[in-house]
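For reference, the structure is listed below as structure tokens.
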Amino acid sequence: MAFCDEEYPLFHEWKMRPHRRFAKVFHQVQHPLQAIRAAMSLPDAAWTFVQKHTPVVKKELPLLQRALHYWVVWNNFVESLADWTFKVEDVSMGDICRQAG
């Protein structure tokens, strides 16, 4: 979980161990157009959560523009935390297992 937020369903479980980090963090991505299309179908509650944690993503923007901003901002943020970023279409389970050690 990238954000500790009381509105997140598992917040109270996470709150008990807030400084825990996994041994390895993998950032799984997909083709940008697929990811942006999926973001365009997020419910309003998800957009409220997104805007709370990524203020550049304004709810009043047109949906496509909002989804584009979200994809760029979120992926840059998560990539900065990840030990390995991979495109789901380009790797096998064996690749993932080798990276995991």
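The values are calculated or read from the model by the stated rules, or taken from the named source; none is laboratory data. Just so you know, these numbers come straight off a predicted model, no measurement behind them. We place every Cβ from the backbone using ideal geometry, glycine too, and count neighbours over all the protein chains shown.
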Is there any pair linking a residue in region 24-39 that is in contact (Cβ under 8 Å) with a residue 40 or more places away in the chain to one that is among the basic types (Lys, Arg), with Cβ under 9 Å and at least six apart or on different chains, and which?
Gln28/Lys87; Val29/Lys87; Gln30/Lys87; His31/Lys87
Could you please let me know if Ala35 is touching a helix residue (DSSP H, G or I) at 6+ places or on another chain (Cβ under 9 Å) and modelled with pLDDT of 90 or more?
yes
Could you look through region 83-101, keep only residues that are closer than 30 Å to Lys52 by Cβ and exposed (fewer than 13 other Cβ atoms within 10 Å of the Cβ), and pick out the one that is modelled with the lowest pLDDT?
Val88
